[in-house]
Ligand SMILES: Cc1cc2nc3c(=O)[nH]c(=O)nc-3n(C[C@H](O)[C@H](O)[C@H](O)COP(=O)(O)OP(=O)(O)OC[C@H]3O[C@@H](n4cnc5c(N)ncnc54)[C@H](O)[C@@H]3O)c2cc1C
């Protein structure tokens, strides 16, 4: 018998099978094994099984709690042998659930699970879950989360009153990885001090993520909750400059967590890169977010294809630029930025020049005046699994500009670490991925300092894993004495 339910199910399924390549799923499970949310939520979330449910019962799956857990880190997509875009599939289910008014109870259940299992739930909801994408009012969802978070914290604090654990821990940096470590360890009764080089706590959450995505009052509240647990946050204290790494042991810290992020900008070595008006995206975003008078050009060219490039271009337009162009050397398909972010900046008026790379920056009186570019074409796959861009000879063209923003990648700045902490070839910290221990006993690391630029949810996952290992390590020290 053909019912309305069957017709709707068929409709949803057909849409997903074709546009999002659902029919190519091999059920290998790689998506689940690399998903930070699956690790944080345990049995409550299994993306591979969720895909299977979508095929068997799309309408029923729309009303499940699980469709609300995807945190848009795209780890699944990057590792999937078939490059399935799971986040897009789950977003379609979310929006349909909201359109059909089937979302209220599943969403409330999901939010409760998030509060119970994910440290920094306010931040995670704002920057990872993006409720507004499914046409929900972000403010209301954040209010709901805050209410159950306060209750959760009250209960946890009562449980903690019985626990005092031996051992002080030093945490370097105050981004999401570090704040997670501080939260988790302080809940277990350990004393925690966070050292932050910048005058404000929050890492990239404070420094670069646009206020429209993460209202600063939300971040302040989240940090306030962590301070209320007794965590000491020392801002404007850079380890390696104001305090040496070895001083930390002298000052009685028994373990150290390195959550220093990836804040060293990679500059393209091209002619004119040192002209006035050429800046790196992180410096530009920080100058805007720190309340200073950011210098914004009228015609801005942003080089790069990731979320940082997109945020920089959007911010430039918001701050008074008349024109913003993103220059990306591969095709749209390979752009690492989230597809909806790309669509949104285009709608806001940002032009995206694909398959084009900068050749040199031209200046006048020490300031940028134009950028010479060259058209690219895609060749064979390179070691990153993407088609390699190669220049097309003789295809040079010039774009007039008075500001060039490099959004061409960041690496960690870890010169303050002792040589016993081994680094990988790309400058990230080597860790045992199961424990987040570094090669130096008592030192743990996580977040962008280990992965290179990634996402908030991956940093939270790493922080939670490291806090577990640090707890075990401190208990083992207690047994030795
Ligand atoms: C423009 C932009 C937009 C982004 N948007 C999103 C998004 O929408 N969603 C998402 O999931 N992710 C986003 N990200 C990525 C996300 O912000 C990072 O992956 C995440 O913040 C990494 O967390 P972390 O704790 O490892 O380090 P960070 O957040 O980078 O924090 C590290 C902190 O350590 C401090 N530090 C470094 N060295 C020292 C030292 N020697 N002593 C003391 N302190 C030190 C730094 O000052 C910094 O505050 C964005 C990133 C950028 C740049």
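Throughout, read-outs are computed from the coordinates displayed, never taken from laboratory work. Just so you know, these numbers come straight off a predicted model, no measurement behind them. FYI the Cβ positions are ideal-geometry reconstructions off the backbone, even for glycines, and counts take in every protein chain you see.
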How many percent of DSSP beta bridges within the stretch 265-410 run antiparallel, rounded to 5? 50 percent
Mind ordering 278-286, 221-229, 378-386 by average Cβ neighbours within 10 Å, highest first? 278-286, 221-229, 378-386
Quick note on 70, 31, ordering by fewest other C-beta atoms within 10 Å, gives 31, 70
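Give the shape of the stretch 213-305 as rounded, prolate or oblate, defined through the alpha-carbon gyration tensor: a ≥ b ≥ c are the square roots of its eigenvalues, a/c under 1.5 means rounded, and otherwise the shape is prolate if a/b is larger than b/c and oblate if not.
Oblate is the answer for the stretch 213-305, as a/c is 1.5 or above yet b/c matches or exceeds a/b.
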If the chain between residue 52 and residue 441 were fully stretched, how many nm would it gain, using 0.36 nm times the residue separation less the Cα-Cα distance? 135.7 nm
Quick shape check on the chain: root eigenvalues a ≥ b ≥ c of the Cα gyration tensor, a/c under 1.5 is rounded, otherwise prolate if a/b tops b/c, else oblate, and it reads oblate
Under the 7 Å Cα-to-Cβ spin-label approximation, residue 95 and residue 165 lie apart by a distance in nanometres of 4.3 nm
Label the stretch 265-410 by shape, choosing from rounded, prolate and oblate, from the square roots a ≥ b ≥ c of the eigenvalues of the Cα gyration tensor; if a/c is under 1.5 it is rounded, and otherwise prolate applies when a/b is larger than b/c, oblate when it is not. oblate
C-alpha center-to-center spacing [the stretch 442-465, the stretch 327-353] in angstrom: 27 Å
In percent, how large is the relative contact order of the chain, given Cα pairs closer than 8 Å and 6 or more residues apart? 14 percent
The chain: antiparallel bridges as % of DSSP beta bridges, rounded to 5, reads 40 percent
Of the listed peptides 169-175, 214-220, what is their order by residue-averaged count of other C-beta atoms within 10 Å, with the highest listed first? 169-175, 214-220
In which sequence would 372, 159, 458, 425 go, from the one with the fewest C-beta neighbours within 10 Å to the one with the most? 425, 159, 372, 458
For n ≥ 4 DSSP H runs only, could you compute -39500 (n - 2.57) per run for the chain, divide by its residues and tell me the 222 nm figure to the nearest 500? -12000 deg cm²/dmol
Distance between the C-alpha centers of the stretch 249-271 and the stretch 101-168? Whole Å please. 29 Å
For a quick protection proxy, order the peptides 307-320, 346-359 by their average other-Cβ count within 10 Å, most packed first. 307-320, 346-359
